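Visitor: Here it is: the structure, laid out below.
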There are 2 protein chains.
Amino acid sequence: MQIIHTVQALREWRKTAGRVAFVPTMGNLHEGHLALVREAGKHADQVVVSIFVNRLQFGQGEDFSQYPRTLQQDADKLSKENVAVIFAPDEKELYPHVEQRYNVEPPNLQNELCGKFRPGHFRGVATVVSKLFNIVEPDTACFGKKDYQQLAIIKGLVEDLNFNIRIVPVDTGRASDGLALSSRNQYLNETERTEAPRLYRELTAIAEALRQGNLAYAELENAAIQNLTAAGWTVDYVEVRHAESLKVAHAGDKDLVVLAAARLGKTRLIDNVEVHLD
Amino acid sequence: MQIIHTVQALREWRKTAGRVAFVPTMGNLHEGHLALVREAGKHADQVVVSIFVNRLQFGQGEDFSQYPRTLQQDADKLSKENVAVIFAPDEKELYPHVEQRYNVEPPNLQNELCGKFRPGHFRGVATVVSKLFNIVEPDTACFGKKDYQQLAIIKGLVEDLNFNIRIVPVDTGRASDGLALSSRNQYLNETERTEAPRLYRELTAIAEALRQGNLAYAELENAAIQNLTAAGWTVDYVEVRHAESLKVAHAGDKDLVVLAAARLGKTRLIDNVEVHLD
């Protein structure tokens, strides 16, 4: 396994690499990332994992400077997996002009759900992923369903800008109590960590109600918001949406996803559960 | 020479094509385009020419519907050149959702010079060129200096979004009287065609004045605007800019370009002349 820091060196390696599967990350890897890496290994002989904390996708007052940077530990973990290259550029390598002048602008979905609370976030994601796609030139790229809206935006981006890349979604990794694995879980203190799985429980409760024929989306959403708020959460949103388009769910929709974002103390957690009705 | 109409068939061809040089066009090919094609042939064995009149880069009231579509004549011309593939997708092939949802947004340069008079034009150019780059996956792409601002935007785009493509600028082809070759020249009636070379003459006059040490940019620009207006033109702009950044020229700049856009009757013509001072 090589650690490559520059675009030029990565391109040099890429010339003779054959088929490549790619896992873009911000590092601080956990089992959820490793599941992406293992999935990637099924699609190509060579797996590239990028590690880059992308300033563009953090807003004012968000945790860019605080975000854990743990390259050595990440490399140790990846060295035990089938990974050919870690691509770990520094800030100046990806943003040599400091300002990113050309940006990939997603449609209005970027202003809904998480985008409503993180203005510019999905523009930053779409732009850095486009850059990384052009640098790594993968045949396949794996993205986690935990960042469900991000996955939808990446799929749309690939389709609309004609990237010749197959996007493979990977199921969310969870702790034994149901909490979705996330680098931000480490911000939680002990009390918060005990409370945190409630988010997933509320989503699965809505999913179960939907499966049992209760399609009063707004009531289900509001009940979950109330339960979370009563337990000390600050809820950004709980929403039932169409699983593919992420448009607001309408009566009769069969493929649904229930998405939520809520803050516990200073830590913002997101999660989602898909529901496919008969 | 093959004519390929679909993304899928182009990708199939691309798999075994080796090094590719690419010339994106809107068709209605003239000697200026053929110079691009010949330059492309110097950079790769396989040359791909795309022909697509890109709705996204035309504004309200512009000549999208009127723009000449001459695929058969274009193919005849290209069949005499070293061209492997004409890629001629229809509207639905490049814009299957009708709306282009993900767009490449250039920096503020897109709102200056031609962009001031054609809002959204360079966003449309940057987006379709990104799509075509992802479809054709060329090693090299050739762009004419006649569309100087477009060339600057493509160069910036390639750098900022890390496209692995070498951009080769090609000198403007001209008629014997100096008029820059353009598909839009055919909109000119006989009187207008006789008048049209004045645009280039005014630009070369400014270039000559600059070379002789007259660096009063605004005066030079205004004199040209007056001369053109007096001769019946409606001038969008005449400007001296830095040749690389296209920023407004400052005293002491050595690498300059004089750019102009002006309308003769209903026809909008553009041209430019580079000036490199010692």
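Visitor: Rounded if a/c is under 1.5, else prolate if a/b beats b/c, else oblate: with a ≥ b ≥ c from the C-alpha gyration tensor eigenvalues square-rooted, which is segment B:2-170?
Guide: Rounded, since a/c falls under 1.5.
Visitor: Report the one residue of B:Gln2, B:Ser176, B:Gln72 whose Cα lies farthest in the direction of the positive end of the charge dipole of chain B (charges on C-beta: Lys and Arg +1, Asp and Glu -1; origin at the Cα centre).
Guide: The residue sitting farthest along the positive end of the dipole is B:Gln2.
Visitor: Do any trypsin sites (Lys or Arg not before Pro) in segment B:1-61 lie in a loop, going by DSSP, with at most 15 other beta-carbon atoms within 10 Å of their beta carbon, and if so which?
Guide: Listed in order of number, the matching sites are B:Lys15, B:Arg19, B:Lys42.
Visitor: Taking only Cα atoms, what is the 0 to 90° angle, nearest 10, from helix B:198-211's long axis to the longest principal axis of chain B?
Guide: 70 degrees
Visitor: Quote the relative contact order of chain B in percent (integer), defining contacts as alpha-carbon pairs under 8 Å separated by 6+ residues.
Guide: Relative contact order, chain B: 17 percent.
Visitor: With axes computed from alpha carbons, what is the tilt in degrees of helix A:148-160 against the longest principal axis of chain A, rounded to the nearest 10 within 0 to 90?
Guide: 50 degrees
Visitor: Inter-copy label distances at B:Gly178, 7 Å along the Cα→beta-carbon direction, one decimal in nm, shortest first?
Guide: 7.8
Visitor: I need the phi-derived Karplus couplings for segment A:161-169: 6.51 cos²θ - 1.76 cosθ + 1.60, θ = phi - 60°, integer Hz, Gly and Pro marked x.
Guide: Here the 3J(HN,Hα) series is 9, 6, 5, 8, 9, 8, 9, 10, x Hz.
Visitor: Quick one: what are the phi-derived ³J(HN,Hα) couplings along segment B:259-273, Karplus 6.51/-1.76/1.60 with θ = phi - 60°, whole Hz, x for glycine and proline?
Guide: Coupling constants for segment B:259-273: 10, 8, 9, 7, 10, 10, x, 9, 9, 9, 10, 10, 6, 6, 9 Hz.
Visitor: If you don't mind, another one. Given a cut-off of under 8 Å on Cα pairs at least six residues apart, what relative contact order in percent is computed for segment B:32-150?
Guide: Once divided by the residue count of segment B:32-150, the mean separation gives 37 percent.
Visitor: Further, regarding this structure: Around B:Phe87, which amide H atoms from residues at least 5 apart in sequence, or from another chain, sit under 5 Å from its own amide H, with H modelled in the peptide plane?
Guide: B:Ile4, B:Val49, B:Ser50, B:Ile51
Visitor: About its Cα centre, how strong a charge dipole does chain A have in debye, to the nearest 20, once Lys and Arg get +1 and Asp and Glu get -1 at the Cβ?
Guide: Dipole about the Cα centre, nearest 20: 520 debye.
Visitor: Can you give the relative contact order of segment A:88-228 as a percent, counting alpha carbon pairs under 8 Å and 6+ residues apart?
Guide: Taking the mean separation of contacting Cα pairs over the length of segment A:88-228, I get 15 percent.
Visitor: I would also like to ask the following. Could you give the length gained by full extension between B:Thr70 and B:Ala251, i.e. 0.36 nm per residue of separation minus their alpha carbon distance, to one decimal place?
Guide: 60.6 nm
Visitor: Additional query: Cα axis of helix A:217-230 to longest principal axis of chain A: angle in degrees, 0 to 90, nearest 10?
Guide: It is inclined by approximately 80 degrees.
Visitor: Given A:Gln186, A:Gln226, A:Ala141, which one lies farthest toward the positive end of the charge dipole of the protein assembly as shown, if we put +1 on the Cβ of every Lys and Arg and -1 on the Cβ of every Asp and Glu?
Guide: My answer, from the dipole projection, is A:Ala141.
Visitor: Quick one: what are the phi-derived ³J(HN,Hα) couplings along segment B:70-84, Karplus 6.51/-1.76/1.60 with θ = phi - 60°, whole Hz, x for glycine and proline?
Guide: Karplus-based 3J(HN,Hα) across segment B:70-84 equals 9, 4, 5, 4, 4, 4, 4, 5, 6, 5, 8, 9, 7, 10, 7 Hz.
Visitor: If you don't mind, there's one more thing I want to ask. Please list, ordered by chain and number, the residues whose modelled amide H lies under 5 Å from the amide H of B:Ile167; skip anything fewer than 5 residues away on the same chain.
Guide: Sorted by chain and number, the residues that satisfy this are B:Ala141.
Visitor: Quick one: check the C-alpha center-to-center distance for segment B:49-114 versus segment A:133-199, whole angstrom.
Guide: Their Cα centres are 36 Å away from one another.
Visitor: Which residue fluctuates most in the GNM of chain B (Cα springs below 10 Å): B:Ala251, B:Ala141, B:Ala84?
Guide: Evaluated over chain B, the most mobile residue of the options is B:Ala251.
Visitor: Something else: Other chains' Cβ within 10 Å of B:199-211 residues: what's the mean?
Guide: 0
Visitor: I would also like to ask the following. Counting only pairs 8 or more places apart or on different chains, how many lysine pairs in segment B:2-170 have C-alpha atoms closer than 22 Å?
Guide: 17
Visitor: Rounded to whole Å, how close does chain B get to the rotation axis onto A by Cβ? Give me the residue too, please?
Guide: Result for the axis mapping B onto A: B:Glu105, 2.
Rule-based calculations on the coordinates, nothing more; no lab input. Keep in mind it's a predicted model, so treat the numbers as computed, not measured. No Cβ is skipped: glycine too gets one built from the backbone with ideal geometry, and neighbour counts run over all protein chains shown.
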